[in-house]
Each structure stands twice: as C-alpha cells, then as structure tokens.
Amino acid sequence: AMEDAVASSWKQIDLSESAKRRLQDVVRLNSLGFYTNSEQLCHHCNFLPLTGSGVFALASGFNHSCEPSVQRFSIGDLTAFVTNQKLEAGTELHITYIESEMLRAPKSLRSQSLNRDFTCSCPPCGLDDPPELKTGRRTFMRVDAPVQAKLSLLPPEERVETIAAALQGQMDDEEDAEEEPPEVDEEDAGEATKGAEKSEKNTVLLGKDAQELRVAQAMALMQLGRWEEALQTWRQLAAFACHHCPPYDEALAVFATQAALCALEMKADASQYVKSAIESHRMAFGFDCFRWRYQREVEESSVSAGVKESFLSAAAGCPLELEPFSKAVAAWNFSQDEVPPAYQIFPS
C-alpha cells in the first residue's frame with residue numbers, strides 16, 4: 001500500500017532545461033541543513049546519521065543577516081527556531097546562512113562564505129575590510145577535517161604544542177594553507193598587482209579556525225590531566241562566543257560544561273560554570289532539556305566518573321534563572337587577555 005501511495009504521489013514528468021536549472025537554483029539557495037546536537041564535541045561519533053538538508057515551506061523563507069535575531073537547532077528532522085533577544089511585534093526575523101564564528105570575519109570573507117544571489121546589507125556589512133586584507137598576498141590557515149584528522153593522530157603533548165604554534169600563525173605544513181589574491185577594484189588592479197609583488201604575505205587565522213584549534217587543544221590538555229590549562233582554554237572559547245557570536249550561541253553551553261568539569265577535577269568552585277551551562281542551553285534551545293541532550297557529552301568527557309556524577313547532580317539541582325545576555329557575560333568575569341580577536345593577521 002505504501003509503495004502504491006508513493007508511486008501515485010511521485011510521477012516522473014518532463015521538465016525543460018530552464019525549469020531544471022531553476023529547480024536546482026531553488027534548492028541550492030533555499031535549502032536548510034539539520035544537524036542533531038551539532039554543537040557538541042561528541043556529535044560526529046554519535047549524531048552524524050541524524051543529519052540532512054531540505055527545502056521547507058516556512059523555514060526556508062527566513063532571510064539572512066550577519067546580526068541574526070533567531071537561531072535554530074534540530075532533533076532529527078524536526079527543527080526549532082528560537083529568538084536570541086527581545087523583539088518588537090512585527091520585526092522581521094533573521095537567521096544566519098553562515099557559521100556564527102564567521103559573523104565577525106572581514107566582510108569580503110563573509111561574502112565568500114555566504115555565496116548567495118544577493119549582497120547582505122546588514123550594519124556590519126556596511127563596514128569596509130581592513131587595509132592589510134586589501135593589498136598584498138594573503139594565506140589563510142585552514143582547519144578543515146583533514147587537518148583535524150592529522151592533529152588527532154599526534155600524541156596529546158605534541159598536539160598541544162603544535163596547536164599553540166598554529167595559534168601564533170606558525171604553520172608546519174604548507175598544504176594546510178590556502179593563498180588568495182588581494183581584493184581590489186578593477187581600476188586599481190594594475191597598481192595593486194605591482195604592489196602585491198613587492199609586499200609581504202600575510203597569514204590570516206579566522207576566528208572559526210582558531211576556535212577549532214582551541215577545542216582540540218583543550219581536549220588534549222584534558223587527556224593529559226592538565227586541568228587548569230584546559231579550563232583556561234575553555235574560558236577563551238567561551239569568551240570568543242560571548243564577544244563575537246550572536247547572543248547565547250549554542251556552543252556556549254558546551255564550553256561552560258567542559259569548564260565546569262575541569263573546575264571539578266581541580267576541586268574548585270564550578271557553580272558559576274554549571275549555572276552558565278544550564279542557562280545558556282535554555283536560552284539557546286528554548287526549553288529545559290539539558291540533561292537529556294548533554295548526557296552523552298558528559299559521559300564521553302576525559303574527566304573521572306566521580307566528576308561526571310558531581311556535574312550531573314549539580315546541573316539537576318541548579319535553579320534556572322533566565323537573565324539578559326549582558327549579565328550572563330558579566331558573570332564569566334573575563335579579563336581582557338582572555339578575549340580572543342575575531343580574526344588575526346600575522347605578517348610573514
């Protein structure tokens with residue numbers, strides 16, 4: 001019966017070439033991905049099969065902004081949309097079409113990542129790129145899946161050292177870099193080309209790639225039992241999310257959870273980190289399901305069984321107090337040195 005129903009509902013039809021191209025463009029420009037627990041460190045090994053993309057009658061109608069007022073999360077093929085700030089009735093809701101860590105990257109790089117049939121006109125896109133990205137040659141450090149695989153094969157101690165060097169713009173493998181020409185207007189192309197030949201090459205480390213490196217570094221430090229250093233790295237990750245991502249970015253709950261686990265291993269007070277994990281998760285996902293969603297994340301952490309039990313017990317007993325994002329950030333008490341830049345440019 002099911003086969004008959006499908007056969008009667010889906011029939012092959014002949015489309016003109018122009019209609020086929022239009023259909024391909026509609027799917028390319030309007031499809032949304034859904035990724036279950038994608039913010040978690042254990043996502044790849046546990047939730048990757050619950051991943052896909054589709055075109056949706058309502059959800060595909062969201063427009064993009066580099067200052068999104070809505071974030072989304074998925075459980076299987078069910079996707080929920082949650083506002084990250086108070087909005088007046090009738091205000092247009094925006095999501096971001098690119099990763100949140102890219103939202104404070106230079107405008108030209110956001111445009112490349114966006115790669116759509118429109119030009120974003122949000123306030124950040126009204127700001128020009130810094131001069132050092134307009135002239136001279138630039139090499140981008142890529143921390144993609146192959147690079148992360150290479151790092152995972154290194155012993156933890158060597159991994160920590162390698163990542164520390166990479167965060168300072170030092171790359172051992174030229175294959176992990178991608179060189180791009182400078183962005184110039186056509187009328188200035190000739191002069192810029194002459195200047196580029198003489199200028200030095202800049203290495204650019206985007207915030208997204210730096211965050212990937214810090215996560216790998218923090219996990220290696222936890223494997224080594226260097227809890228204080230790992231805690232500091234999780235705090236840097238959280239500081240980036242608080243200062244360069246939309247309010248209550250989904251990754252903040254992960255960073256707070258891991259920071260709490262490290263603090264508990266140090267026999268230090270972890271109550272503020274537990275509170276941040278619970279509240280940021282509630283604000284990001286719209287309902288209180290922290291233990292249900294984060295049980296596996298905690299189970300796969302490098303901390304002791306006793307610390308895992310202590311954390312989950314503390315999370316269960318933590319009162320839920322929803323507060324403005326500015327107050328939640330202030331509770332972390334970040335020092336200026338703890339806040340990483342949105343991106344870094346290293347002269348060669």
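The values are calculated or read from the model by the stated rules, or taken from the named source; none is laboratory data. As the structure is a computational prediction, the values presented were derived from the model and not from experiment. Here Cβ is always computed from backbone atoms with ideal geometry, including for glycine, and neighbour counts include all displayed protein chains. Just the protein is used for accessible areas: all its heavy atoms, side chains included, with ligands, DNA and RNA removed. Shrake-Rupley method; radii C 1.70, N 1.55, O 1.52, S 1.80 Å.
Within the range 225-245, the set of residues being surrounded by 23 or more Cβ atoms within 10 Å (Cβ to Cβ) and touching a Pro at 6+ places or on another chain (Cβ under 9 Å) comprises Leu237, Phe240. Selection within the range 119-133: residues that are hydrophobic (A, V, I, L, M, F, W, C) and modelled with pLDDT of 85 or more. The member of this set that is surrounded by the most Cβ atoms within 10 Å (Cβ to Cβ) is Cys120.
Listed here are the residues, each with its yes/no results for (1) modelled with pLDDT of 95 or more; (2) outside any helix (DSSP H, G or I); (3) over 21 Å from the mean Cα position of the chain (by Cα).
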{"site": "Glu178", "(1), (2), (3)": "no, yes, no"}
{"site": "Glu183", "(1), (2), (3)": "no, yes, yes"}
{"site": "Glu187", "(1), (2), (3)": "no, no, yes"}
{"site": "Thr193", "(1), (2), (3)": "no, no, yes"}
{"site": "Ala220", "(1), (2), (3)": "yes, no, no"}
{"site": "Gly225", "(1), (2), (3)": "yes, yes, yes"}
{"site": "Thr257", "(1), (2), (3)": "yes, no, no"}
{"site": "Ala263", "(1), (2), (3)": "yes, no, yes"}
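Only residues that are crowded, with 19+ Cβ neighbours inside 10 Å and either at positive phi or modelled with pLDDT under 85 (or both) were counted in the range 195-218, giving 1.
Here are some residues: Pro146, Pro124. Which one is closer than 24 Å to Ser348 by Cβ and outside any strand (DSSP E or B)? Write out each step before concluding.
Details: Pro124 fails: closer than 24 Å to Ser348 by Cβ.
Exactly one of Pro146, Pro124 is closer than 24 Å to Ser348 by Cβ and outside any strand (DSSP E or B), namely Pro146.
Of the residues in the range 286-294, at least one is surrounded by fewer than 15 Cβ atoms within 10 Å (Cβ to Cβ) and part of a helix (DSSP H, G or I).
When Trp292 is tested against (1) out of contact with any helix residue (DSSP H, G or I) (no Cβ under 8 Å at 6 or more places or on another chain); (2) closer than 24 Å to Ala220 by Cα, only condition (2) is not met. Tallying residues that are over 13 Å from Ala315 (Cβ atoms) and buried (at least 23 other Cβ atoms within 10 Å of the Cβ) within the range 266-280 yields 0. Screening Val339 on (1) open to solvent by 10 Å² or more (accessible area, probe 1.4 Å); (2) over 30 Å from Phe140 (Cβ atoms); (3) not small (Gly, Ala, Ser) shows it passes everything except condition (2).
Checking each residue in the range 16-73 for being open to solvent by less than 80 Å² (accessible area, probe 1.4 Å), assigned to a helix (DSSP H, G or I) and under 19 Å from Glu297 (Cβ atoms) picks out His43, Asn46. Would you say Ser18 is hydroxyl-bearing (Ser, Thr, Tyr) and under 30 Å from Val204 (Cβ atoms)? Judged against the criteria, Ser18 is not a match. Selection over the range 85-117 of residues that are in a loop (DSSP other than H, G, I, E, B) and either open to solvent by 90 Å² or more (accessible area, probe 1.4 Å) or not β-branched (Val, Ile, Thr) (or both) gives a count of 17.
In the range 74-84, the qualifying residues are those that are out of contact with any Ser or Thr (no Cβ under 8 Å at 6 or more places or on another chain) and within 15 Å of Ser31 (Cβ to Cβ), and the one that is surrounded by the fewest Cβ atoms within 10 Å (Cβ to Cβ) is Asp77.
Can you go through Gln12, Gln40 and tell me which one is without any contact (Cβ under 8 Å) to a residue 60 or more places away in the chain and out of contact with any Pro (no Cβ under 9 Å at 6 or more places or on another chain)? None of the other options fit; the residue is Gln12.
From the residues in the range 134-176 that are open to solvent by 80 Å² or more (accessible area, probe 1.4 Å) and basic (Lys, Arg), which one is modelled with the lowest pLDDT? If we take residues in the range 134-176 being open to solvent by 80 Å² or more (accessible area, probe 1.4 Å) and basic (Lys, Arg), then Arg137 is modelled with the lowest pLDDT.
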